[in-house]
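To start, the structure itself, in structure tokens.
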Amino acid sequence: MLPIARKAKIKEIIAEKKNVTVAELTQLFGLTEETIRRDLKQLEQEGFLTRIYGGAYINDGVLNDVDVNLREHIYVEGKRKIAEKCVEFIQHGDSVFLDASTTSLYIARMLENRRITVVTNSIKIVNALIDNPGVNLIVTGGSISRQSMSALGRGAEQSLCGYFFDLAFISCRSLSRQHGITDSNEQQAEVRRLAVERANRAYLVADITKFDRTSFAHICGFEKIHTVVVDKPLDGEWREFLQQQNVRLVECES
């Protein structure tokens, strides 16, 4: 296949899936990783996609559900800042829900010296906390999604209905003043909605790139959220809106 035809095919794949790994493309085309990375670099220069470690993604589309192994390498510094701030809110004895977002994964990795109970539907968070002696770890039931490495569906939802939380940390795919808090995956959205409903304080963790967008499935309105934690300062319209909604705003950079 000629390079121009190969890049057209890569465009077609990523337009449909919204993300792709170098390993997938290497296997598909029978080429070296170096050649695939060069193709992705050229497509990035054209403004079609964004490269990250191990692959590439695009932000377009309400059904944009990026593989968790790629999400771990997107906006890493912002997620770390958010996680560092969130850990400050967690006290000994708390019951905490951590969702299957990569920001919650960063929170889990920072939970040293906390004697708490953590409920999660994330396999990656389970792996991060399994050897933490201070954490009483509870995993929801459900069907395992390889895309998100999390438990979803009826089993996960029924499990959550058996617990209440002092704090729930959830992320999302998009935030909009008009449409509220939304996600690209309907089952993930339902898990997050239930966690918010069963928490005394719900913390929405979101990097700046998620604002002023709308995704496929509604999670909840801002009236359900106690605090929004964002990595960078929001504009005046967002600050006024959150104040009107009685939502506390924590900006990691100000």
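The values are calculated or read from the model by the stated rules, or taken from the named source; none is laboratory data. Quick caveat: nothing in here was measured; it's all calculated off a predicted structure. Please note: Cβ atoms are built from the backbone with ideal geometry, for glycine as well, and neighbour counts cover all protein chains shown. Remember, those area values only see protein heavy atoms, side chains included, never the ligands or the DNA or RNA. Shrake-Rupley method; radii C 1.70, N 1.55, O 1.52, S 1.80 Å.
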**Prompt:** When the gyration tensor of the stretch 112-164 is built from Cα positions, what are the square roots of 5 times its three eigenvalues, in whole Å, from largest to smallest?
**Reply:** 21, 14, 6
**Prompt:** Regarding the chain, what whole-number volume in Å³ per residue does the convex hull of its Cα atoms give?
**Reply:** 129 Å³
**Request:** Given the options Phe211, Phe164, Phe241, state which has the largest fluctuation in a GNM of the chain using a 10 Å cut-off (strictly under) for Cα springs.
**Result:** Phe241
**Message:** Could you report the stretch 87-206's accessible area per residue, 1.4 Å probe, as an integer in Å²?
**Reply:** 40 Å²
**Request:** Go ahead and set up a Gaussian network model of the chain, Cα springs under 10 Å, then flag whichever of Ile138, Ile125, Ile225 fluctuates most.
**Result:** Ile138
**Message:** Please report the carbon-and-sulfur percent of the accessible area for the stretch 1-54; probe 1.4 Å, protein heavy atoms only, DNA, RNA and ligands left out.
**Reply:** 53 percent
**Complete:** The answer for the longest stretch of the chain without any exposed GluC sites (Glu not before Pro) (DSSP loop, at most 11 further Cβ atoms within 10 Å) is 113-252
**Fill in**
Between the modelled labels at Glu24 and Lys11 (7 Å from Cα along Cα→Cβ) the distance in nm is 1.8 nm
**Item:** DSSP beta bridge pairing in the chain, given as percent antiparallel to the nearest 5
**Value:** 40 percent
**Message:** Please report the antiparallel percentage of the DSSP beta bridges confined to the stretch 170-231, to the nearest 5.
**Reply:** 55 percent
**Asked** How much of the accessible area of the stretch 131-254, probe 1.4 Å, is carbon plus sulfur, in whole percent?
**Response** 41 percent
**Asked** Any idea how far apart Gln244 and Asn127 come out in nm if each label point goes 7 Å out from Cα toward Cβ?
**Response** 4.4 nm
**Prompt:** Based on DSSP H runs of at least 4 residues, each adding -39500 (n - 2.57), what is the mean residue ellipticity at 222 nm of the chain after dividing by all its residues, to the nearest 500 deg cm²/dmol?
**Reply:** -11000 deg cm²/dmol
**Item:** Cα centroid separation - the stretch 166-237 against the stretch 1-37, whole Å
**Value:** 33 Å
**Request:** With springs only between Cα atoms under 10 Å apart, run a GNM on the chain and tell me which of Ala100, Ala23, Ala168 wobbles the most.
**Result:** Ala23
**Dipole magnitude of the chain, debye to nearest 20 (Cβ charges: Lys/Arg +1, Asp/Glu -1, about Cα centre)** = 260 debye
